Every structure is written in structure tokens, then in C-alpha cells.
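Computed from the coordinates by the stated procedures, all read-outs in this text should not be read as laboratory data. Keep in mind that this is a model prediction, so the values were computed, not measured. Cβ placement follows ideal geometry from the backbone for every residue including glycine, while neighbour counts extend to all protein chains displayed.
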Amino acid sequence: MVFSLAHEGSATHDVTNQPPPLAPYDASEDAALLEGLRREGAGWAEEDVRRIGRLAGSAEAQEWAALANRHEPELRTHDRYGHRVDEVDFHPSWHHLMRTAVAEGLAGAPWADDRSGAHVARTAGGLAWGHTDAGHGCPTSMTYAAVPALRHQPDLAKVYEPLLTGREYEPDLRVPTEKRGLLAGMGMTEKQGGSDVRTNTTVAVPTSEPGVYTLRGHKWFTSAPMCDVFLVLAQAPQGLSCFLVPRVLPDGSRNTFRIQRLKDKLGNRSNASSEPEFDGTAAWLVGPEGRGVKTIIDMVNCTRLDCVMMSATLMRKTLVEAGHHARHRSAFGARLVDQPLMRNVLADLALESEAATTLTLRLAGAADRAVRGDVDEQAFRRIATAVGKYWVTKRGPAFTAEALECLGGNGYVEDSGMPRHYREAPLLSIWEGSGNVNALDVLRALTREPGTAEALFGELALAQGADARLDAAVSRLKGLLRDGSEAGARRLVEQMALTLQASLLVRHAPPAIADAFCATRLGGDWGHAFGTLPDAADVGAILGRALPTG
């Protein structure tokens, strides 16, 4: 018997029922993002944010992100002749991402912009540009955050601030003052203490030159070691102090900054995180001796906002990916996006994403007004940033896992990009203080700065009477505050975050969004997994607002 190899139907390798590539798409096509941008006083930047969003969603920029993560940075401790160089080599795609981010004002530029809303515009740009790669957001974030800390030493700020706020990306190591733009890093933690920086053992010894010290010690997590300058904590004669450490000294010689190794991390793999060793390293004092934590906390407040922003960005990016897949994939006779259970999952994710984005932009607005002298916003920013850092970054890993699952097995494959996002998400709840650190920081603010509680409840009062579930949640929150125990700090901060997000959505989001959020996050009418919205939720309205039209 002879069998024919021909077949009347399609070839076995024909591809059907697979979604087309998502790129190109517009990463700024997000109602919550654009409405928040306008509401928080930066509507003047909308054209720029939209342009950044289109660039972020381009096939070229998405490929930059993929390549920067596939070809990880490599450490070169010595040159071919045996000289110590301590340099990190990056794939060209990393430099494309960095050059764009710096040029678009996503590093230190807002500090040189007198327009009201400049910091909001930067955050909104980050929410869009972050659809590319999260790793390069680390050096841009630290550069942004270094400026207010450096201002504790006006003579240094006068020299370095114009360069940190510039829009030129020059990655080669040269004398900082000979460059048109600088990047800044941070060296806080050590192996024996982590977040407990007061146990640091790195020692700072004064020299004969006023304000100049030499450092000796070892840092445990110092990201972006290719930056030009670093803010570093070390023990001076009068206690833990903050110092500026340049990679290259004014005479052109290399400062002692021995990179022992790069960390082999779960995610954030496009970015280099290192263990540098200081040994006679020249450093300049920033702020008074013994006030290192108070000095560098201005930097931490900014980077914590960026942790919230980056988590919200990951949520939005993975929601867009899941929605795109569901629109183009069919199963059991219907498109996934038309099937009730999948619609419920996507709508629940959309609620979480909008709440995170709305809170992020409210925090950015508070930061912008705080740096311009608004005392009430300073108090609100102090507590709400720690609350947002705790909660939004905690929701990120569960969110990205659910979004990945929407793609099924396809989402578990590296080519989809979803595993990279999934690995990235946990970093943001660890960086700049893990959950416990931020929860305790909220308690500290409530105890030592009573105005922070007044600012928070003043914000919540703006939505009073608009939703009975929200009013009940505010009452419960006041009861939890009276307890104030350390063991109950996480519960307290979680309720703060949910109540604050609900109040913002009640005031600013469409009724379908606000009602579903209050019913589930405050009213308890949901399960423990995403996709358990009640039947009364207007899923169609939620998805119509959340998912891009493409």
C-alpha cells in the first residue's frame, strides 16, 4: 500500500489562532494616565508624554528592551595590560534606552524646570517609557533622586546639579565636570545590615582638606556602578554621614572603586548591581557629619515614588499584553475577550491597574507641590509615598502572574516577554525598603509627625459622603490607628492604601470603576484571586476604558 504525503488541508506548520505582534502600539493610550497628568497640573506635557508612549511601543524600542535583557552587562576588572579599570560593558541597546530616557527628561531634568507639574510630567513619562525595560529605570531614578540630597551641601550642588539635571547621556568615564551630563548612584547597604544602615562599618577618615575624606569598606548592593558619582553612607568621627564619591577624580585619575562582582539577580538583569570596595577612596561630605540618614532620606523619598511608578507601569504593560492576547485568541468557539470568566479577570486587573496609576500620579503631584513649599502636601507626601510603596509594589507580583496566566503556556515562554516582567515585579517591593521597613516607616511618621495623619484624613475627607462603603472604610481606619501596634502595621498600611485608592477613584474615575473597586476592595464582595468581581460589576464599561483600541 502506498501512502501519499500530500494533504488536502493546510500544512502542519501554518500558524493560526495566534495573536499578531503587539508592537507598534501607544504605551500612553491609558485614560487613567492622561487624566491624572492633566489633573495633577502637567497637562502642558501631554504631547510629550504621548510621543514618548508611541516611541516606547515601537517595534524598535521593544527590541532594545529585549536585547538589553538578553545580553546582560559584563564586568571588566582589568584591561589587557593588567591595570585595574572596574568598568561594566553593556549591549548597545542599553545605551539606546538610556540615551532616550535622559533626553526625554526622565532623569534629573525636573529639578531644572520651573514649570508647575514638572515632576508629574516626569512620572507620567516614566509610566509610558517604562513599557520598554525596567532595568535602566534604576540609574535614571537615582539620578533624579540625588539632587535634593546633594542640596544639603550647596557648594557641591552648585557644581554637580547642572550636570545631573542635563539631558545629555555620556556613558564613558571622565572627569565629571568635563561632561555635559552625569548619572548618579547610591551606596547604602552592607552585608551585615541591609536596611539597618546604622550598623554600617565603612569608615570615613577626614583629610587635611576641609570636607574631603577617605573611605574604607565594602558595599553589598550598589546598582548602576557605571554612574559618574555616588551618594554613599559611611561612619565618620561624629557618626553615620553621607558622602559624594566620584568614579573619576578632578585630576583625571580613577578613584578607588573596586567592583568585586556583579549580582546574579532574579530579574532586573539589564541593569548591573555590584559590590564595590572602597580603600582610600576620596569622598566629599554631603550635609553635616552624623546626619547621613537625614541627608540621604531625601533621595530615598524620590526613589520610593519611582518604585510605585515602576510597579504601576509593569501592571499596565502586562494588562495590555493580556488584553491584546485575549482579543486575538479564540478557544471553545469564541474569542477569549468575549468569554465571561476571562472578561472578569481582565476587568479585575484593570481595576488594580487604574488604582495604581491614579495613586502614582497623585503622589507625583504631592511631590511637585511639596518641593515648591506646600506644607500640607509635604505632610501628605511623607506618609502617602510610604503607604503607596508598601501596597502597590506588593500587588505587582500577583498581578503580573495573573496577567501571564491569561496567555496560558505562551505567557510562560521567554519570547512572550511576560517572564521578564514577572521576574521584575518582586524587586520593587524590596528596593528602598521591603514591606516591613515601609510599614514601620508609616508608624514612625504617625508617631513623630502627627501632621501626616491629618494630611491623610484631609485627603480622604474630599470624598466623604460619595460612597457609603468608603465612609465605613475611613471609620475602620481610624479604629486601626488607635491600635498602632507594630504587629498590626501591615494591616494598617494595607487599609490606608485601599482606602486612599478608593477615595481617588470615587473622585476621579468613572462610576463603573469606582463602584467595582469599592465593592471588592472595601466591601469585601470578591474572592482572594483576581477575576472574582461580583455579577453587578459593569465589566463592559471597565474593559472599554482600560484596553487599548488596537
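With the crude spin-label approximation of a point 7 Å out along Cα→Cβ, what separation in nm comes out for HIS528 versus ASP172?
With each label placed 7 Å out from Cα toward Cβ, I get 5.8 nm.
Within segment 278-309, name every residue whose backbone N is under 12 Å away from a label modeled 7 Å from Cα of ARG84 along the Cβ vector.
278-282
Quick check: pseudo-label points 7 Å beyond the Cα along Cα→Cβ at ALA59 and LEU462, how many nm apart are they?
4.3 nm
ALA103 label point, 7 Å along Cα→Cβ, cut-off 15 Å on backbone N: hits in segment 162-197?
167-171, 181
Rounded, prolate or oblate: which one fits segment 349-433, using the alpha carbon gyration tensor with axes a ≥ b ≥ c (rounded when a/c is under 1.5, else prolate when a/b beats b/c, else oblate)?
prolate
Set Lys and Arg Cβ to +1 and Asp and Glu Cβ to -1, take the dipole of segment 323-464 about its Cα centre, and tell me which of GLY365, GLY323, ALA350 lies farthest positive.
GLY323
When only Cα pairs under 8 Å and 6 or more residues apart are kept, what is the percent relative contact order across the chain?
Details: 1006 pairs, mean separation 73.2, N = 550.
Once normalised by length, the contact order is 13 percent.
Among HIS528, ALA312, ILE259, whose Cα projects farthest towards the positive end of the dipole of the chain, with charges put on the beta-carbon of Lys, Arg (+1) and Asp, Glu (-1)?
Checking the options against the dipole of the chain, the answer is ILE259.
What is the count of Lys pairs in the chain whose alpha carbons sit under 19 Å apart, if the two are 8 or more places apart or on different chains?
Lysine pairs satisfying the spacing and distance rule in the chain number 9.
Suppose only helical runs count, i.e. DSSP H with n ≥ 4. What mean residue ellipticity at 222 nm does that imply for the chain under -39500 (n - 2.57) per run, divided by all residues and rounded to the nearest 500 deg cm²/dmol?
Here the helix-only value at 222 nm equals -16000 deg cm²/dmol.
Any idea what angle helix 451-461 forms with the longest principal axis of the chain, computed on alpha-carbon atoms, 0 to 90 degrees, nearest 10?
In the chain, helix 451-461 runs at an angle near 20 degrees to the longest axis.
If I stretch the segment between GLN260 and ARG335 completely, what's the gain in nm (0.36 nm per residue apart, minus their alpha carbon distance), one decimal?
21.8 nm
Starting from the Cα of LYS294, step 7 Å along the direction of its Cβ; do the same at ALA541; then give the gap between the two resulting points in nm.
5.1 nm
How high is the FRET efficiency between GLU405 and LEU249 when r is their beta carbon distance and R₀ equals 51 Å, given to the nearest 0.05?
0.45
May I ask you to compute the full-extension gain from ARG448 to ARG76, defined as 0.36 nm times their residue separation minus their alpha-carbon distance, rounded to one decimal in nm?
129.3 nm
Could you tally the net charge around PRO450, taking each other residue with its Cβ under 15 Å from the Cβ of PRO450, Lys/Arg +1 and Asp/Glu -1? List each step's numbers first, then the result.
Working: positive: ARG382, ARG444, ARG448, LYS478, ARG482; negative: ASP376, GLU449, GLU454.
Net of charged neighbours comes to +2.
How much length, in nm to one decimal, is gained on full extension between SER208 and ASP376, taken as 0.36 nm per residue of separation minus their Cα-Cα distance?
Answer, rounded to one decimal: 56.1 nm.
Assuming a ≥ b ≥ c are the square roots of the Cα gyration tensor eigenvalues, decide whether segment 294-546 counts as rounded (a/c under 1.5), prolate (otherwise, with a/b larger than b/c) or oblate.
Prolate, because a/c is 1.5 or more and a/b exceeds b/c.
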